[in-house]
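Report on one structure; see the data block that follows.
Nothing in this text is a laboratory measurement; each read-out follows from the coordinates by a stated rule. Computed from a predicted model, the values in this text were never measured in an experiment. With ideal geometry, Cβ positions are generated from the backbone for all residues, glycine too; neighbour counts draw on all protein chains shown.
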Amino acid sequence: MKRRDFLKIAGAAAAAAALPACGGKNTSAPVEEEEKMVLRENPNNGDMVSLLGFGCMRWPMIEKDGTRVIDQEAVNEMVDYALAHGVNYFDTSPAYLMGQSEKAAGDALSRHPRESYYIATKLSNFGDRSKEASIRMYHDSMKQLRTDYFDYYLLHAIGRGGSRAFFDRYVENGMMDFLLAEKAAGRIRNLGFSFHGSQSEFDYFMELHDSGQYHWDFCQIEMNYVDWTHADGVRNCNANHLYAELEKRNIPIVIMEPLLGGRLANVPAEIARQMKEREPDKSIASWAFRFCGTYPGVLCTLSGMTNMEPLKDNLDTFGHFKPLTEEELDFLERMATQMKEYPLVNCTDCKYCMPCPWGLDIPGTFQHYNKAITEGTYAQNKQQRHYHKLKNQYLMSYDKAVPSLRQADRCISCGECLSHCPQSIAIPRELQRIARYVDDLRENRL
Amino acid sequence: MLKKIRVALAVIFWVGITLLFLDFTGVLHNYLGWMAKVQFLPAVLAVNVGVIVALALLTLIFGRVYCSVICPLGVFQDGISHIGTRGKKAPYKYKKEIKWLRYGVWAVFVVLFVLGVQAAVALLAPYSAYGRIVQNLFQPLYIWGNNALAWFTERIGTYTFYPQEVWIRSVPTFIIAVVTLVVIVVLSFKGGRTYCNSICPVGTTLSFLSRFSAFRPVIDTKKCKHCKACEHKCKAQCISISKDEQKIDYSRCVDCFNCIDSCKEGALKYRFAWGSAGKTPENPSAGSKNDVTDGKSAQNPSAEGRRAFIAGTAVMAGTLAAKKASAQGKKTDGGLADILPKQAPERETPLTPPGSVSVKDFYRRCTACQLCVAECPNKVLRPSTDLEHIMQPEMSYEKGYCKADCTRCSEVCPTGAIRKITAEEKTQYHIGTAHVNRDLCVTETGTNCGKCARMCPTGAILMVENGDLGNMRPTVNEEVCIGCGACEQYCPARPISAITVNGKEVHV
């Protein structure tokens with residue numbers, strides 16, 4: 001690299017790093033500007049973390065010997081590319097992708113120097129909560145990820161059920177003591193939690209922090225321009241509250257679901273039109289990522305990238321990062337309000353509800369339904385223009401996306417999935433709603 | 001001219017009936033349903049006196065035009081023999097009537113018919129045989145064609161067609177259909193109407209009348225030059241021409257009029273013949289050399305039955321391993337639990353379609369033509385594999401259930417085995433009664449379910465406290481249950497549902 005190039009990159013990096021601090025100012029950078037990943041400093045230990053983190057929950061799966069396995073080749077390619085372009089935070093869990101995510105991450109990352117990336121994983125003790133099983137899970141994570149320390153370690157999905165659930169999973173079985181000892185020994189560099197729940201449940205965890213009972217080094221929350229003030233129902237907390245509480249305490253924030261499982265990348269046509277009017281050359285998803293990066297308390301924004309396409313798009317967004325202006329934030333708020341008018345299911349395709357013991361494909365059904373609504377290919381009634389076409393299109397694509405025995409009408413409402421959903425979706429009720437819609441469609445009753 | 005009219009009418013009937021069996025949309029039977037109802041055997045089974053008398057008079061006046069125009073199997077054979085004899089100048093020659101076979105089969109048929117052994121009747125009856133062939137072999141092709149169009153219209157974004165599932169409803173019946181088709185094609189390819197004149201019991205029945213028909217092709221012996229052109233064109237192989245004798249066997253003549261067009265001398269006329277010469281039924285002269293070789297046509301009808309019996313033992317085995325979704329201790333996300341295919345439960349009494357009077361009456365009247373099976377949009381009707389009722393339909397709920405507003409099978413049945421009912425009448429019709437097998441019910445493991453109760457259209461399933469388990473379990477209010485099978489179809493217990501429907505001996 002020539003000296004001049006180096007200076008140019010360094011200059012751009014400095015500018016990009018400085019931008020988040022000055023919040024509202026709109027700087028129109030030249031298009032040809034060199035790509036340089038924004039790094040954010042963890043105030044606790046000086047870690048320089050890339051503002052774009054790699055979520056390891058949505059990697060591509062392929063069929064191999066009759067089972068679904070991660071496409072390791074594709075993962076390696078993406079991980080190499082991401083590292084080469086400055087992404088250095090990788091977030092996984094023992095539960096992801098039928099338990100295959102950690103190993104795939106380990107396989108891909110161990111081909112690079114350990115100090116060139118940060119590993120985040122979780123204690124996902126949703127099944128057996130005993131100390132033995134939990135510790136086994138902890139050590140297994142190390143083995144899978146081929147490391148002897150974790151940069152970021154999370155209590156996975158706490159909040160729902162408040163103190164009771166927290167004590168049950170982490171305190172009474174002695175796991176908090178164990179993890180704190182591991183932290184003292186240096187094998188956990190940052191201990192935090194990922195949160196799904198209501199405002200009061202969140203406040204409880206902040207009280208624990210304030211009272212000094214447990215210190216949180218960081219926190220992972222669901223944040224995006226819809227959840228900012230439009231979180232679904234009373235069981236979910238608005239992200240603006242979560243953010244304010246964490247920023248107040250100077251706790252670094254890692255963002256999950258910046259795209260709501262892709263729903264903010266594929267928005268209803270009318271909303272997409274308004275976004276394209278403003279930024280014709282930028283992807284719809286870039287708005288959601290810029291929203292997250294605009295807030296200076298955010299250390300890292302996770303994106304579960306399935307292939308090179310979103311990875312490159314995100315690298316473009318974070319490599320030429322432009323924070324949103326006040327006016328643009330208002331615009332996104334209006335878009336969020338408009339989006340709430342569509343009868344979408346609040347599913348982010350995280351697959352925590354799976355496998356359904358009765359074989360249903362719950363996220364598949366929701367994704368298909370949402371897609372039809374978002375794309376405006378949703379048959380409403382016989383008076384509608386192109387009703388026959390839309391009807392056949394919906395039913396045919398439904399059968400293709402979800403085999404008939406795994407469709408909504410097969411739900412027996414056993415409620416097994418309810419406790420697993422981080423979004424607190426009333427899954428059986430939503431499935432019933434879709435089943436009724438499909439039946440009306442099939443029987444021409446709409 | 002006469003031939004052209006005959007061919008035109010035959011094509012109309014044949015296309016109409018074939019479409020009736022191919023159609024899965026439920027539209028065509030409104031226009032074409034009558035074509036099945038004027039078939040001879042269905043009319044007899046339906047005791048449709050009007051049709052029987054009309055067909056008898058038709059035959060008595062015009063001869064066996066039924067066989068040439070109305071019978072789809074007859075027209076189908078004409079098509080095959082047309083292909084088989086193309087380009088040949090003298091494809092046929094006179095053959096002697098195979099009396100022992102013709103009347104033997106007829107006698108056996110009548111006895112079995114009276115005794116109510118419908119499986120054997122269905123095997124021989126021409127309309128049933130044709131329906132079986134079309135439903136089993138041609139309807140899948142038709143649906144695949146539709147599916148190809150659906151694929152295409154999906155690509156171009158118009159979504160005009162909607163794909164349908166193709167499935168073999170019963171292996172034995174499928175095999176019988178294949179055998180029937182092969183036999184018919186082999187017999188007719190070079191042999192013309194061999195089947196119709198040596199096996200077909202309807203043909204034999206009509207032959208008793210056609211011998212005396214008022215109009216018939218008559219040879220003017222004065223004009224006849226014994227060129228044998230007519231004999232060579234007769235696919236019924238019933239014209240015998242020699243110098244000494246020129247005769248037509250009117251018991252076998254199907255009035256196709258091929259002979260009339262073939263005669264260059266104008267010696268053959270289709271005319272009113274009562275009271276004139278040529279009335280005598282043919283009795284081939286002993287001296288005739290070029291006649292019967294009966295090896296080919298001496299096929300044994302019971303061979304097919306035996307094949308079917310062997311095939312009946314074939315069982316589709318679902319061998320998917322039932323893996324329990326939750327791995328020990330560690331709960332991971334994603335993946336799909338296996339779903340075992342449903343298997344039919346043992347039913348003490350078979351399920352007969354809504355509209356049938358009783359099980360006995362249904363199987364007594366049904367000619368196993370497969371029209372209702374071809375029509376059923378809910379994947380409920382399929383041919384029985386039970387030897388006693390083989391090929392005759394029965395209901396089962398592995399792939400669907402009998403929907404409340406659907407009466408399509410009752411609308412198409414030509415024999416009265418399924419009487420025509422309205423959607424209102426159907427709501428009062430008890431197909432059978434559901435009962436719960438607690439050993440299989442998922443509520444017995446403490447799971448909350450009640451799917452059967454939610455799917456039941458009549459509210460016949462009552463959820464009650466399930467003892468110490470603290471959940472609710474289903475019970476059936478037998479008086480309200482109509483046996484539609486929604487509960488059985490949607491029951492999560494697999495492969496055998498925990499709630500199953502048993503048929504009723506007497507419905508009305």
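State the percent of C-alpha pairs, over all pairs in the stretch B:343-503, separated by a distance greater than 25 angstrom. Of all Cα-Cα pairs in the stretch B:343-503, 30 percent lie more than 25 Å apart. Where only DSSP H runs of four or more residues are counted, chain A gives -13000 deg cm²/dmol as its mean residue ellipticity at 222 nm, each run worth -39500 (n - 2.57).
Of B:LEU149, B:GLY104, B:VAL412, which is farthest on the positive side of the dipole of the protein assembly as shown, counting Cα position, with +1 on Lys and Arg Cβ, -1 on Asp and Glu Cβ, and the Cα centre as origin? The Cα lying farthest towards the positive end belongs to B:GLY104.
The convex hull drawn around the Cα atoms of the stretch B:213-272, when projected onto a plane and averaged over every direction, covers 3.6 nm². Dipole size of chain A about its Cα centre, with +1 on Lys/Arg Cβ and -1 on Asp/Glu Cβ: approximately 740 debye, rounded to the nearest 20.
Averaged over the residues of A:349-361, the number of partner chain Cβ atoms lying within 10 Å of the residue Cβ comes to 5.
The ratio of the alpha-carbon radius of gyration of the stretch A:362-442 to the globular-protein estimate 2.2 N^0.38 Å is 1.12. The residues neighbouring A:PHE331, those whose beta-carbon lies less than 12 Å from its own, together hold a net charge of -4 under the Lys/Arg +1, Asp/Glu -1 convention.
Selection among A:LEU260, A:HIS241, A:CYS219 by position relative to the dipole of the stretch A:197-280 gives A:LEU260 as farthest towards the positive end (Cβ unit charges, Cα centre). Amide H to amide H distances under 5 Å link A:GLY127 with B:LYS331, where only residues 5 or more positions off or on other chains count and H is placed in the peptide plane. Residues in the stretch A:180-190 carry Karplus couplings, in order, of 5, 5, 5, 5, 4, 7, x, 7, 10, 8, 9 Hz; the curve used is 6.51 cos²θ - 1.76 cosθ + 1.60 with θ = phi - 60°, and Gly or Pro positions show x.
Here the stretch A:32-339 was treated as a single set of alpha-carbon atoms; its pair distances binned every 10 Å from 0 give 6, 28, 35, 24, 7, 0 percent. Based on Cα contacts under 8 Å between residues 6+ apart, chain B shows a relative contact order of 17 percent. Sequence-distant contacts, meaning Cα pairs under 8 Å at least 6 residues apart, place the relative contact order of chain A at 16 percent.
Using C-alpha pairs under 8 Å with a sequence gap of at least 6, the mean separation divided by the residue count of the stretch B:213-272 gives a relative contact order of 50 percent.
Taken over the Cα atoms of the protein assembly as shown, the convex hull encloses 210 Å³ per residue. Taking amide H atoms as placed 1.01 Å from N in the peptide plane, the amide H of B:SER356 lies under 5 Å from those of B:ARG419, each 5 or more residues away in sequence or on another chain. Note that the stretch A:310-446, at 4 °C in a medium of 1.567 mPa s, gets a Stokes-Einstein diffusion coefficient of 76 µm²/s from its Kirkwood radius over C-alpha pairs.
Here the 3J(HN,Hα) profile of the stretch A:87-100, calculated from phi with Karplus coefficients 6.51, -1.76 and 1.60 at θ = phi - 60°, is 6, 10, 10, 10, 10, 9, 6, x, 8, 5, 6, 6, x, 9 Hz, Gly and Pro shown as x.
Across the stretch B:238-253, coupling constants 3J(HN,Hα) worked out from phi with the 6.51/-1.76/1.60 Karplus curve, θ = phi - 60°, read 10, 9, 10, 10, 8, 5, 7, 9, 10, 9, 10, 7, 6, 6, 9, 5 Hz, and Gly and Pro carry x. For A:ASP47, the residues 5 or more places off, or on other chains, whose built amide H falls under 5 Å of its own are A:ASN42.
Neighbour counting of Cβ atoms within 10 Å sorts the residues B:ASP255, A:ASP177, A:ASP227, fewest neighbours leading, into A:ASP177, A:ASP227, B:ASP255. With 21 Å as the limit on Cα-Cα distance, the pairs of A:LYS183/A:LYS351; A:LYS276/A:LYS382; A:LYS122/A:LYS371; A:LYS312/B:LYS331; A:LYS122/A:LYS183; A:LYS340/A:LYS400 that go past it are A:LYS183/A:LYS351; A:LYS276/A:LYS382; A:LYS122/A:LYS371; A:LYS312/B:LYS331; A:LYS340/A:LYS400. Residue pairs exceeding 25 angstrom between C-alpha atoms, taken from B:LYS3/B:LYS88; A:LYS391/B:LYS420; B:LYS4/B:LYS264; A:LYS389/B:LYS37: A:LYS391/B:LYS420; A:LYS389/B:LYS37. Among the GluC sites (Glu not before Pro) in the stretch A:382-446, those placed in a DSSP loop whose Cβ has at most 13 other Cβ atoms within 10 Å are A:GLU443.
What residue among B:LEU60, B:ALA122, A:VAL402 has its Cα farthest toward the positive end of the dipole of the protein assembly as shown, where the charges are +1 on Lys, Arg and -1 on Asp, Glu, each on the Cβ? Of the candidates, B:LEU60 comes out farthest on the positive side.
In chain B, the DSSP-assigned H stretches of four residues or longer account for a calculated mean residue ellipticity at 222 nm of -11500 deg cm²/dmol, using -39500 (n - 2.57) per stretch and the full residue count as denominator. Each Lys or Arg adds one and each Asp or Glu takes one away; over the other residues whose Cβ falls under 10 Å from the Cβ of A:LEU191, this sums to 0. For chain B, the Cβ-based charge dipole about the Cα centre amounts to some 2640 debye (Lys, Arg positive; Asp, Glu negative; other atoms uncharged).
Restricting the trypsin sites (Lys or Arg not before Pro) of the stretch A:237-274 to loop positions (DSSP other than H, G, I, E, B) with no more than 14 neighbouring Cβ atoms within 10 Å leaves A:ARG249. Taking Lys and Arg as +1 and Asp and Glu as -1, the other residues whose beta-carbon sits under 14 Å from that of A:ARG445 total +1. In plain terms, the residue of B:THR427, A:THR365 with the fewest other Cβ atoms within 10 Å comes first and the most crowded comes last, giving B:THR427, A:THR365.
Put a plus charge on the Cβ of each Lys and Arg, a minus charge on the Cβ of each Asp and Glu, and nothing anywhere else: the dipole of the protein assembly as shown about its Cα centre is then about 6600 debye. Starting from the stretch B:180-244, pick out the trypsin sites (Lys or Arg not before Pro) whose DSSP state is loop and whose Cβ has at most 16 other Cβ atoms within 10 Å. For trypsin sites (Lys or Arg not before Pro) across the stretch B:180-244 that sit outside H, G, I, E and B with at most 16 neighbouring Cβ atoms in 10 Å, the list reads B:LYS222, B:LYS223, B:LYS225, B:LYS243.
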